[in-house]
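Okay, structure first, notes after.
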Amino acid sequence: MNSPILLSAIACVSVGLMLIRPRGIPEVYWIGGGASLLLALRLVPLKLAGKAVAEGLDVYLFLIGMMLLSELAKEHGVFDWLSSVAVRQAHGSRVRLFTLVYCIGTLVTIFMSNDATAVVLTPAILTAVRKAKVKPLPYLFACALIANAASFVLPISNPANLVVFQQRMPPLGQWLVSFGVPCILSILTTYLVMRVVFRRDLAGSIQEGVEAEALKTSGWLVLAGLALTVAVLLAASAMDRDLGLPTCLAALGITAVVSVTSRSNPMKLFREVSWGTLLLVAGLFILVDAMESIGMLHATEAALRWAEGLRPEVGAMATGFTVGIANNLVNNLPLGLVAGGTLRAAHTQGLIRDVVLIGVDLGPNLSVTGSLATILWLLALRKEKIDVSFREFLRVGAIVMPATLIVAIGGAILMHRLHPIR
């Protein structure tokens with residue numbers, strides 16, 4: 001077996017094992033094992049692996065900041081307070097609680113990114129549904145699916161957006177024209193389809209009389225810190241800066257202030273951060289760069305040029321679904337790197353370019369391994385002794401993702417007809 005075939009086989013097997021997780025072994029071991037095997041067999045030079053790992057630096061810093069803020073919020077009672085407010089505002093209605101969760105998730109995704117929804121919001125929602133004594137899955141799925149459905153309202157709503165466009169990020173005004181309508185349609189469609197899928201679980205009432213949780217001074221400081229983080233992210237995006245370092249520095253500063261004020265030990269928070277997630281991301285970057293080194297970009301560029309030769313509507317649907325499904329084979333962050341490189345190599349603009357991004361952002365709603373946000377969501381649930389299987393997620397995703405992707409691509413086609421000059 002020659003080197004390119006062996007390299008491809010190891011990468012595909014690693015990703016396949018990540019998808020099915022034999023014996024419940026975490027995803028990081030399968031991806032890390034595959035990347036290590038490529039290095040051990042000298043199929044990937046150390047220099048290439050180092051370059052691949054370095055490409056993810058901004059993502060690592062961003063995740064560290066978000067995970068640290070999540071642990072900080074949990075430690076100082078912010079989640080308990082938010083959950084009691086949510087349950088009380090539901091006024092005994094499961095549907096109203098679901099809608100409230102969905103709206104909060106939408107706002108968190110838009111202004112703090114889909115990873116923040118997975119890391120920061122999911123534990124709060126789980127606390128809320130436990131207080132309400134209802135089946136948690138509809139509300140937890142709302143966190144997972146809205147994290148992707150609302151992830152292209154703004155460039156900062158998903159780190160994959162920055163990876164796809166890199167140095168060619170459209171101005172904010174053009175971004176909103178291109179993606180505003182498709183994303184609104186995506187958010188509404190995901191909500192409506194989920195209401196149908198979970199209609200039985202959302203029927204009936206919830207327990208009322210949940211006592212309001214008092215938020216201590218340290219909790220209010222954490223909330224103020226989260227608001228500051230939002231401002232930092234928006235400012236960094238407006239200045240076309242990377243988001244990782246500002247997010248991490250903001251989280252470290254907030255942690256220092258809260259720890260000094262509350263006289264608590266911050267090392268406990270750092271121990272709770274899921275450092276294995278960073279290794280998983282690094283392994284995915286190595287696998288993708290390895291595939292690129294054997295000519296994968298030539299194949300993706302040829303496929304993109306073929307799609308551009310079709311009727312616009314047909315080419316858009318074909319591209320969107322191809323990219324959307326591919327997310328679930330390699331994860332949307334490394335796929336975003338491949339997609340961005342392909343777009344630049346082919347000098348693709350207009351509808352096909354926009355549909356590629358929509359596929360990168362919405363495709364992950366099909367399976368648990370489609371996006372980094374969904375993997376973080378799974379890890380947050382496992383810490384609370386809840387495990388959602390690949391099959392269980394796919395049963396919902398196979399309904400939600402195609403419907404949402406069709407509607408969102410339709411919105412993009414409509415916007416390009418109304419604004420044909422880009």
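The values are calculated or read from the model by the stated rules, or taken from the named source; none is laboratory data. Because the structure is predicted, anything quoted here is derived from the model rather than measured. Virtual Cβ from ideal backbone geometry, glycine too; neighbours counted across all protein chains shown.
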A careful count of residues in the range 13-55 that are part of a helix (DSSP H, G or I), touching a residue at least 60 places away in the same chain (Cβ under 8 Å) and within 14 Å of Ile375 (Cβ to Cβ) gives 7
Those residues of the range 226-267 which are in contact (Cβ under 8 Å) with a residue 24 or more places away in the chain, part of a loop (DSSP other than H, G, I, E, B) and over 30 Å from Pro170 (Cβ atoms), in sequence order: Ser264
Hey, can you tell me all the residues within the range 198-211 that are surrounded by fewer than 18 Cβ atoms within 10 Å (Cβ to Cβ) and either modelled with pLDDT of 85 or more or under 26 Å from Ser259 (Cβ atoms) (or both)? Arg199, Arg200, Asp201, Ala203
Going through the range 369-396 in order, the residues found to be more than 18 Å from the chain's Cα centre (by Cα) and assigned to a helix (DSSP H, G or I) are Lys383, Arg391, Glu392, Arg395
Kindly establish whether Ser264 is more than 17 Å from Ile156 (Cα to Cα), surrounded by 15 or more Cβ atoms within 10 Å (Cβ to Cβ), at pLDDT 80 or above and touching a His at 6+ places or on another chain (Cβ under 9 Å). yes
Only one of Asn327, Asn331 that is buried (at least 16 other Cβ atoms within 10 Å of the Cβ), at positive phi and under 13 Å from the mean Cα position of the chain (by Cα): Asn331
Boolean, Leu140 is within 14 Å of the chain's Cα centre (by Cα) and under 21 Å from Tyr191 (Cα atoms): no
Val101 - would you say it is touching a Gly at 6+ places or on another chain (Cβ under 6 Å), farther than 22 Å from Leu287 by Cα, among the hydrophobic types (A, V, I, L, M, F, W, C) and surrounded by 23 or more Cβ atoms within 10 Å (Cβ to Cβ)? no
How many residues are under 20 Å from Val13 (Cβ atoms) and of a type in the set (A, V, I, L, M, F, W, C) when one looks only at the range 306-332? 4
Selection from the range 217-253 of residues within 18 Å of the chain's Cα centre (by Cα) and under 15 Å from Tyr60 (Cα atoms) yields Asp242, Leu243, Gly244, Thr247, Cys248
Residue satisfying condition, being touching a helix residue (DSSP H, G or I) at 6+ places or on another chain (Cβ under 6 Å), modelled with pLDDT under 80 and at negative phi, within set Leu243, Leu221: Leu243
Answer from Ser151, Ser113, Ser83, Ser70 - the residue that is at positive phi and among the hydroxyl-bearing types (Ser, Thr, Tyr): Ser113
Yes or no: Gly320 buried (at least 19 other Cβ atoms within 10 Å of the Cβ) and either over 30 Å from Gly33 (Cβ atoms) or touching a Gly at 6+ places or on another chain (Cβ under 8 Å) (or both)? yes
Test for Ile399: is it closer than 22 Å to Val181 by Cα, touching a helix residue (DSSP H, G or I) at 6+ places or on another chain (Cβ under 8 Å), in a helix (DSSP H, G or I) and at pLDDT 95 or above: yes
Say we look at the range 56-94 and pick out the residues that are among the polar types (S, T, N, Q) and in a helix (DSSP H, G or I); which of these is surrounded by the fewest Cβ atoms within 10 Å (Cβ to Cβ)? Gln89
Does the range 351-398 hold any residues that are crowded, with 16+ Cβ neighbours inside 10 Å and over 30 Å from Gly65 (Cβ atoms), and which are they? Leu351, Ile352, Val355, Leu394
Please count how many residues of the range 127-153 are among the hydroxyl-bearing types (Ser, Thr, Tyr) and within 20 Å of Val85 (Cα to Cα). 2
Would a scan of the range 403-420 turn up a residue that is free of Cβ contacts under 8 Å to residues at least 60 places away in the same chain and of a type in the set (A, V, I, L, M, F, W, C)? yes
Name the residues in the range 58-79 that are under 30 Å from Glu292 (Cα atoms), hydrophobic (A, V, I, L, M, F, W, C) and at pLDDT 85 or above, would you? Leu61, Ile64
Only one of (1) assigned to a helix (DSSP H, G or I); (2) in contact with a Phe, Trp or Tyr (Cβ under 7 Å, 6 or more places away or on another chain) fails for Thr342. Which number is that? (2)
How many residues, within the range 1-18, are surrounded by fewer than 17 Cβ atoms within 10 Å (Cβ to Cβ), under 26 Å from the mean Cα position of the chain (by Cα) and either hydrophobic (A, V, I, L, M, F, W, C) or more than 17 Å from Val330 (Cα to Cα) (or both)? 2
Any idea how many residues of the range 336-362 are free of Cβ contacts under 8 Å to residues at least 60 places away in the same chain and of a type outside the set (Val, Ile, Thr)? 6
